[in-house]
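Everything below concerns the one structure shown next.
The values are calculated or read from the model by the stated rules, or taken from the named source; none is laboratory data. Just so it is clear, the model here is predicted, and its values are computed rather than measured. Here the Cβ positions follow ideal geometry from the backbone for every residue, glycine too, while neighbour counts run over all protein chains shown.
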Amino acid sequence: MDKKKLAKQMGVIALVIVLFAGLDIGIYRLFIKRVISHHSPGMQKMSVEVGNYVPFTGSENVFSVKDADKLEGDIPVIDGAAALLPVYAGFVESIYPESSVIYNGETYDAASAMHYTNTRGAYKDIVDGNADIIICAAPSDEQLQYAKDNGVELELVPVGSDAFVFIVNAGNPVDNITIDQIRGIYSGKITNWKELGGKNIPIAAMRRNKNSGSQTALEKIMGDIPIKPDYTALFGSPIGFSFRYYVTGMLGEGGVKILTINGIEPTPETIADGSYPVAGNIYAVYRKGETNENVKKAIDFMLSPQGQKIVEQSGYIPLSQ
Amino acid sequence: MKDKTFIAILAIIMVIGIGVTAGLMIHGYNLWKEISIVEMIANWG
């Protein structure tokens with residue numbers, strides 16, 4: 001009798017151990033294994049290291065001009081999108097006094113005239129008065145509403161452009177996509193790569209946080225078509241989106257492939273001549289009625305031949321092209 | 001095995017199991033937060 005009871009108890013203990021082991025192995029394989037290599041030395045190199053784009057450090061990633069007039073007096077606080085960090089780091093190095101940039105090795109000091117808070121933070125900061133100029137893609141409807149609710153009108157001055165690109169894993173055989181197919185994928189009508197001439201694998205339609213620059217760009221492509229949440233995303237082969245230079249320049253394009261859209265590759269030429277269908281402006285954004293004259297001076301510099309050269313050298317498309 | 005001993009062993013296993021599961025989920029969530037969409041696609045064919 002005791003032996004039977006003991007066997008039963010041992011069986012229960014073994015079952016509980018096996019169930020936990022199965023659950024934990026499942027969590028590891030599904031959630032962790034897919035991103036763990038991000039922390040390998042190879043993937044670390046792909047991360048956007050803010051420290052590589054700090055002005056006045058002699059960084060080879062920051063392009064600036066030496067003979068531009070420096071701003072004096074009330075130095076405007078500048079901020080912007082991750083993808084555009086090289087551009088405004090170049091502007092800052094060209095016309096800001098070196099003493100106005102305070103970088104502590106990991107982040108910019110609150111007292112620094114250059115910040116880096118990404119698109120969502122930058123649009124909030126310009127409305128709240130924590131930044132005076134931001135360099136970003138177009139704002140989302142929600143960001144415009146936030147400005148309106150706070151009685152702030154934003155002026156958007158185009159200072160360059162770049163392509164919005166769709167990316168897949170380098171091993172995905174699909175090379176091209178159409179705008180209608182993009183709308184089909186993100187509205188949930190197209191769910192398998194075989195519908196695009198690829199393998200019989202579900203499409204994991206990845207998206208970004210609301211109000212990020214690239215998510216706003218996707219919403220503009222979708223128009224009135226609602227973006228459907230993809231609950232099966234973990235099990236498919238992914239498609240994602242970003243800005244061209246963020247993929248090719250800042251992240252080195254390792255392991256990903258940019259799709260042509262309607263057969264057009266996003267090159268400086270096709271973006272400049274408008275043949276690539278989803279190019280978008282880069283804006284210098286400031287508050288309407290801004291009284292700090294240095295804001296106008298800074299934007300005038302961005303639009304000048306010197307400023308446009310920085311846009312081009314940083315990997316984006318200048319206005320003059 | 002006495003019932004009390006059995007329950008105690010089971011409780012210890014449950015506590016360890018739930019702890020490991022929660023730890024893995026927190027670790028996984030932290031990794032996912034850090035990775036960009038481009039890196040994710042590069043990793044995840």
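General remarks:
- Residue pairs whose Cβ atoms lie under 8 Å apart, separated by 6 or more positions or on different chains, with the first residue in segment A:7-24 and more than 10 Å from chain B (Cβ to nearest Cβ) and the second assigned to a helix (DSSP H, G or I), do not occur.
- Breaking point among (1) at pLDDT 95 or above; (2) surrounded by fewer than 14 Cβ atoms within 10 Å (Cβ to Cβ); (3) not assigned by TED's automatic domain parsing to the domain that holds A:Asn61, for A:Asp273: (1)
- Residue tally, condition within 8 Å of another protein chain (Cβ to nearest Cβ) and modelled with pLDDT of 60 or more, over segment A:25-46: 6
- Condition met for A:Ile179 (touching a helix residue (DSSP H, G or I) at 6+ places or on another chain (Cβ under 8 Å) and either under 21 Å from A:Gly80 (Cβ atoms) or surrounded by 15 or more Cβ atoms within 10 Å (Cβ to Cβ) (or both)): no
- Assessment of segment A:248-267 against the conditions (surrounded by 19 or more Cβ atoms within 10 Å (Cβ to Cβ), small (Gly, Ala, Ser), within 19 Å of the chain's Cα centre (by Cα) and within 11 Å of another protein chain (Cβ to nearest Cβ)) yields at least one matching residue.
- Odd one out for A:Pro318, checked against (1) modelled with pLDDT under 95; (2) farther than 23 Å from A:Val65 by Cα; (3) touching a strand residue (DSSP E or B) at 6+ places or on another chain (Cβ under 8 Å): (2)
- Test for A:Glu49: is it of a type in the set (D, E, K, R) and modelled with pLDDT of 95 or more: no
- Pair list, Cβ under 7 Å, 6 or more apart: segment A:123-144 residue surrounded by fewer than 24 Cβ atoms within 10 Å (Cβ to Cβ), other residue of a type in the set (D, E, K, R) and not in a loop (DSSP other than H, G, I, E, B): A:Asp125/A:Asp79; A:Ser140/A:Glu219
- Matching residues, segment A:280-295, being surrounded by fewer than 19 Cβ atoms within 10 Å (Cβ to Cβ) and of a type in the set (Gly, Ala, Ser): A:Gly289
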